[in-house]
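No value in this document is a laboratory result; all are computed from the given coordinates. Values in this document were obtained by computation on a predicted structure and should not be read as measured data. Here the Cβ positions follow ideal geometry from the backbone for every residue, glycine too, while neighbour counts run over all protein chains shown.
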Amino acid sequence: MKLPGRTVSGTEAVALGLATRTAEDPRAAALATAYEIAARNPHAVRAAKRLLAAPRPPAEQLAAEQAEIGALIASPNQREAVTARLEGRDPVFADPAPGPPAGTG
């Protein structure tokens with residue numbers, strides 16, 4: 001912990017609300033989560049990161065979420081995500097550049 005200058009175990013970190021779970025192999029668990037995120041629509045991941053990075057009052061947060069969803073809903077990558085899931089295959093996303101989907105900004 002930063003202020004008292006002490007180290008806590010994973011179990012104690014969960015009990016304190018600093019972590020959500022422990023793992024026998026934390027590196028493997030972290031990599032599995034990273035791979036799961038990397039397999040998602042890259043524009044949706046960036047949208048989620050923008051929403052998490054800018055805490056707002058609830059009404060503003062809802063409006064920001066609606067704007068992000070509106071920008072993503074008909075985007076090529078979101079269509080690919082839905083199509084791939086329905087077809088039982090891994091999606092193949094286009095990720096030409098960071099930022100919002102084409103035509104939204």
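Based on DSSP H runs of at least 4 residues, each adding -39500 (n - 2.57), what is the mean residue ellipticity at 222 nm of the chain after dividing by all its residues, to the nearest 500 deg cm²/dmol?
Estimated from H runs of four or more residues: -17500 deg cm²/dmol.
If I stretch the segment between Asp25 and Leu52 completely, what's the gain in nm (0.36 nm per residue apart, minus their alpha carbon distance), one decimal?
7.0 nm
Counting other Cβ atoms within 10 Å, keep those with at most 10, restrict to DSSP loop, and tell me which GluC sites (Glu not before Pro) in the range 25-66 are left.
none
With viscosity set to 1.567 mPa s at 4 °C, what whole-number translational diffusion coefficient in µm²/s follows for the range 1-86 from Stokes-Einstein and a Kirkwood radius over Cα pairs?
81
Quick one: 3J(HN,Hα) in Hz for the range 35-44, Karplus 6.51/-1.76/1.60 with θ = phi - 60°, rounded, Gly and Pro as x.
So the Karplus estimates, Gly and Pro as x, are 5, 4, 5, 5, 7, 8, 3, x, 6, 5 Hz.
Please tell me the relative contact order of the chain in percent, rounded to the nearest whole number, where contacts are Cα pairs under 8 Å and at least six residues apart.
24
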